[in-house]
Amino acid sequence: MLDHLIRGARVVDGSGGPAFIGDVGIRDGRIAVVGAVTEEARTSEDASGLVLAPGFVDPHTHYDAQLFWDPYATPSLNHGVTTVAGGNCGFTLAPLNPARPEDADYTRRMMSKVEGMSLVALEEGAPWSWHTFGEYLDALEGRIAVNAGFMVGHCALRRYVMGPDAVGGQPTDEQLAQMVALLDEAMAAGAWGLSTTQSSTHSDGDGKPVASRHAGPAELLALSRAVGEREGTQIEAIVAGCLDQFSDDEIDLFVEMSAAAGRPLNWNVLTIDAAVPERVPRQLAASERARKAGGRIVALTMPILTPMNMSLGTFCALNLIPGWGEVLGLPVPQRIERLRDPAVRAEMLRRADSKEAGVFRRLADFGRYVIGDTYSAENEGLTGRVVRDIAAERGQELFECIVEICANDLMRTVLWPMPTDNDPDSWTLRQETWRHEDVLLGGSDAGAHLDRMCGAPYTTRFLGDCLRGRGLVTLEQAVKMLTDDPAQLFGLRGRGRIAEGFHADLVLFDPERIDAGKATLVHDLPGDSPRLDSKAIGVTAVWVNGVESIRDDVVTGAVPGKVLRSGRDTRTVSTK
């Protein structure tokens, strides 16, 4: 007898092949039968008019901490994501050296700064009961509603072995050997591989470059070779050029790391903008060179424009514009004083428009900003208005206008920058770029930057756009891009398709309604900390390992997710 039968759905199986009307039966957590099913089932439902797809796979998240207080990985699970990849960008909560209890506090402050996680939530919401990476994975086992796999972060490896010297120092030969052994131990326990960052935007809680930024090529290649010694592993890496265009040295490093490991290396995130036509070919040149050298480099890119919440009062992407962090990091009274100085504003704008600002240049188009929440009588009636219109009424320069509005609110004003790459040419370029064999949809950063952006709903918003919007790809192709493609990159065993014997990770949705709601600020983290959330629209149900986990955008309370461990749950994806 089947556990559950879904009857008469429009099945889009993840292969890219044509959809078909059929039944899908679930038994013991797996897909038991696909087609015309006559076998009896304990429960069943009529899915006529609905689409049944494999559960979506998000290849780039930071749910490492959130899963402890939110086992449902909301809102990703609501939007059909049944498998998440965590431990990205070189940042993980493990391993922690038992001889230095203070390393846990350092890690929490680093995660708060670099990934925009609430420090209170990190302190109160996770048990911090582990030292080894295996113990961290064990702490999640049996208590999560999604399937989750994790890279091991380079920063944690360095900190464990080198202590405070990890920031600024170079390892001795013995220390490097210890790092390699520690990485191997983590992968033996189930880590998916190595993640690392060399990005100039990544600083720790003390404002210093994070540990992995101090690593030289020899260290990175030694760790990469270790990745190649274990089954079912990967590399994820970030460099400064990920934000705009790679340097020759960065391409060389990526190619050498992937070739040394004999494993795919993925990076985040490829920004596609027709106003910068040279970016895509430059970024994908790394993939072409890797293929020739026996490696593989995969670019992650988002299929939607992710709404971002900015502020002159709290750390956000504006702080990452060269020269801006020094001003925006001042105490509020001094910050306001400096920002009101025309000479200071002029220098900030000059730096924002410079080549070194990279992709952050587009954040300085202040006329396109929309005013969000305000907090003072002086700003009453400004919410929802465009800065260009307000500045014109007041006879002010655009940045001057924003500064005065924010100063009235003591820098608490919420700012919404409208995207500059929402034009037809940029969408055409995206459509072309998605066809590249080394481009993968993803890069949500879900679980990070919680009060600043909400990338988790990219799955439902993309499907809605394919079905009722721009229609850049077919439904069948869109589902494949969200399911089988990432499953194949990570070598996930028995996931990513609707096929007999596969794990029953499934999403049932209404093609006439599938979409994501507007991002709204909620206060539901430990310590009443805020985050942006988005409701799923048109998602009827989500099953994880055959267990109903979402019904009509509400979690059921079940926690059927698995910690996916390398080798056991992932196969090796060779670059050869």
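The values are calculated or read from the model by the stated rules, or taken from the named source; none is laboratory data. Values in this document were obtained by computation on a predicted structure and should not be read as measured data. Virtual Cβ from ideal backbone geometry, glycine too; neighbours counted across all protein chains shown. Keep in mind that these areas ignore ligands, DNA and RNA; they rest on the heavy atoms of the full protein, side chains included. Shrake-Rupley method; radii C 1.70, N 1.55, O 1.52, S 1.80 Å.
Observations, loosely collected:
- When ASP353 is tested against (1) of a type in the set (Asp, Glu); (2) farther than 29 Å from LEU525 by Cβ; (3) surrounded by 15 or more Cβ atoms within 10 Å (Cβ to Cβ), just one condition goes unmet, and that condition is (3).
- 2 or more residues among the hydrophobic types (A, V, I, L, M, F, W, C), open to solvent by 10 Å² or more (accessible area, probe 1.4 Å) and touching an Asp or Glu at 6+ places or on another chain (Cβ under 7 Å): qualifying helices (runs of 4 or more DSSP H) within the range 107-207: none
- Scanning the range 442-482 for residues that are on the phi > 0 side of the Ramachandran plot and either open to solvent by 30 Å² or more (accessible area, probe 1.4 Å) or without any contact (Cβ under 8 Å) to a residue 60 or more places away in the chain (or both) yields HIS449, GLY471.
- The single condition from (1) closer than 25 Å to SER258 by Cα; (2) of a type in the set (Lys, Arg); (3) touching a helix residue (DSSP H, G or I) at 6+ places or on another chain (Cβ under 8 Å) that ARG470 fails is (1).
- THR61 open to solvent by 10 Å² or more (accessible area, probe 1.4 Å) and either modelled with pLDDT under 95 or among the β-branched types (Val, Ile, Thr) (or both): no
- The range 17-32, subset surrounded by fewer than 18 Cβ atoms within 10 Å (Cβ to Cβ) and out of contact with any His (no Cβ under 9 Å at 6 or more places or on another chain), residue nearest to ARG551 (Cα to Cα): ASP28
- Selected residue (criterion: farthest from MET453 (Cα to Cα)) from residues of the range 314-345 that are within 24 Å of the chain's Cα centre (by Cα) and open to solvent by less than 60 Å² (accessible area, probe 1.4 Å): PRO322
- Candidates ASN78, ASN97, ASN88 - the one that is modelled with pLDDT of 95 or more, assigned to a loop (DSSP other than H, G, I, E, B) and crowded, with 24+ Cβ neighbours inside 10 Å: ASN88
- On the stretch given as the range 518-552, residues that are in a loop (DSSP other than H, G, I, E, B), open to solvent by less than 30 Å² (accessible area, probe 1.4 Å) and at pLDDT below 95 total 4.
- ARG430 vs. criteria farther than 30 Å from ILE21 by Cβ and among the basic types (Lys, Arg): yes
- The condition of being buried (at least 21 other Cβ atoms within 10 Å of the Cβ) and under 30 Å from ALA85 (Cα atoms) holds for only one of ILE297, ILE304, that being ILE297.
- Residue in the range 385-425 that is farthest from ASP451 (Cα to Cα), counting only those that are open to solvent by less than 30 Å² (accessible area, probe 1.4 Å) and either part of a loop (DSSP other than H, G, I, E, B) or free of Cβ contacts under 8 Å to residues at least 12 places away in the same chain (or both): ASP421
- Wholly within the range 1-52, strands (runs of 3 or more DSSP E) carrying at least 1 residues that are over 14 Å from ALA541 (Cα atoms) and without any contact (Cβ under 8 Å) to a residue 24 or more places away in the chain: 20-27, 30-35
- Qualifying positions in the range 426-441 - open to solvent by less than 10 Å² (accessible area, probe 1.4 Å) and in contact with a Ser or Thr (Cβ under 6 Å, 6 or more places away or on another chain): ASP438
- Out of ARG213, ARG230, ARG225, sole residue that is in a loop (DSSP other than H, G, I, E, B), of a type in the set (Lys, Arg) and either within 25 Å of the chain's Cα centre (by Cα) or farther than 18 Å from PHE360 by Cβ (or both): ARG230
- Reported count of residues in the range 53-73, each being in a loop (DSSP other than H, G, I, E, B) and either free of Cβ contacts under 8 Å to residues at least 12 places away in the same chain or over 13 Å from the mean Cα position of the chain (by Cα) (or both), is 5.
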